[in-house]
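Data block below; observations after.
What follows is calculated from the coordinates using simple rules that are stated; it is not laboratory data. Since this is a predicted model, take the numbers as computed values, not measurements. Don't worry about glycine lacking a Cβ; one is built from the backbone with ideal geometry, like all the others, and counts go over all protein chains shown.
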Amino acid sequence: MFNRSLLSLLHSPRVAPGLSRIEERSRMAKTRTEREQDARQAKLDHVSAQVASGQLVIREMSTAERARWAKQNAISEARATPVERARRATALENRRRRAARLAS
């Protein structure tokens, strides 16, 4: 038969001695969302470092580039199905909401 101390170990919460549940959670594996957020932040940090070192220059599009991309977008939009158009509209709205949320 099991002795009492072994049974208490089996049924006790799995928190390391001296750590709160929050501290223990931070040591555990991350959720998918947390991993995605970490990856996004790492990419943003990388871009910021490249901009700071001069390896990457972020600039506005020229008038010619805007015209070329407008033409490409018109062609793409003409070929899109109604479902694809709805998906694009939803994605655009989500990007705008996210940008507004981050800006405030």
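What is the extension gain from Val57 to Met28, computed as 0.36 nm multiplied by their sequence separation minus the C-alpha to C-alpha distance, in nm to one decimal? Write down the numbers at each step before the final one.
Values: separation 29, 0.36 × 29 = 10.44 nm, distance 3.85 nm.
Taking Val57 through Met28 to full extension adds about 6.6 nm, to one decimal.
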- GluC sites (Glu not before Pro) within the stretch 20-104: DSSP coil, no more than 12 neighbouring Cβ in 10 Å: Glu60
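Between Arg88 and Ser76, 0.36 nm times their residue separation minus their Cα-Cα distance comes to what? If you can, show how the numbers build up before the last one.
Values: separation 12, 0.36 × 12 = 4.32 nm, distance 1.13 nm.
Using 0.36 nm per residue and subtracting the Cα-Cα distance, I get 3.2 nm.
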- Query: So for the pair Arg95, Gln41, with labels modelled 7 Å out along Cα→Cβ, what separation do we get in nm?
  - Reply: 2.4 nm
